[in-house]
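Asks: One structure coming up, written as structure tokens, with questions to follow.
What follows draws every value from the coordinates through simple rules; no lab data is involved. From a predicted model like this one, the values you see are computed outputs, not experimental measurements. Because the Cβ atoms are built from the backbone with ideal geometry, glycine has one as well, and the counts that use them run over all protein chains shown.
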């Protein structure tokens, strides 16, 4: 039975995910984890204070390079603060049991997104990693049948897609499946290709990189799958039936391997 405290914990976590966190807009640039994970909020604050003390007020207002450094550090500080708040809530002994992996509310726009869906949709790679380490299903679906990978591909979040495709043995589901489609019949590659035509240069660049990543990943998985089939045939001694795959399985949007990567 859901209590008011459970709803409050889930709503707080959801508000942290969908709130303005600065760096999620820079998804196609240098990975923030390189900067964020090695710096605490105190380190970033001290660096900002050092820059302010080293320059005069006029230099801080007129020098474009200094203004850019300060703006970048402030974005990092906002994101670092939000990540720390997210982890305190997620790993807190008081609220961890109240956070639901299947929590759905009107805050997600009526789409039935859980916290992992929202993290992938907004490009929060650190939040996605934390949730996946907590055994959230990497191939979970919302009310429209969309997975976190589909949402990340649609919005052009390169780092999130790279994380989901790589996967981990300890995660629930291992790695993201490429053939899972939503109720409209569209998959991750289809949404990435559409994203290349949408407004916004950042999204277009991100989606173009994602299309290349998905196609390369599909080729690698296809080769591995084919080699496994050949090895099985050789072990069975049925050498005559060993033959290469047909040309129809070259497109990850085809339904050739739907039976092998089944929907959940």
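Asks: Across all directions of projection, what mean area in square nanometres is found for the Cα convex hull of segment 82-191?
Replies: Result: 6.6 nm².
Asks: Rg (Å, one decimal) plus Dmax (Å, integer) for the alpha carbons of segment 4-195?
Replies: In order Rg, Dmax, the Cα atoms of segment 4-195 give 18.4, 59 Å.
Asks: Once you have a ≥ b ≥ c as the square roots of the Cα gyration tensor eigenvalues for segment 142-209, tell me rounded if a/c is under 1.5, and otherwise prolate or oblate according to whether a/b is larger than b/c.
Replies: Oblate is the answer for segment 142-209, as a/c is 1.5 or above yet b/c matches or exceeds a/b.
Asks: Taking only Cα atoms of segment 55-96, what ratio of Rg to Rh do you get with Rh as the Kirkwood inverse-distance radius?
Replies: 1.34
Asks: Now a separate question. Kindly rank 187-194, 167-174, 58-65 from highest to lowest mean number of other beta carbons found within 10 Å of each residue.
Replies: The peptides rank, most packed first, as 187-194, 167-174, 58-65.
Asks: Moving on to the next point. Using the number of other C-beta atoms within 10 angstrom as an exposure proxy, rank 196, 235, 127 with the fewest first.
Replies: In increasing order of surrounding Cβ atoms, one gets 235, 196, 127.
Asks: I need the calculated FRET efficiency for the pair residue 201 and residue 233, taking r as the beta carbon distance and R₀ as 51 Å, to the nearest 0.05.
Replies: 0.55
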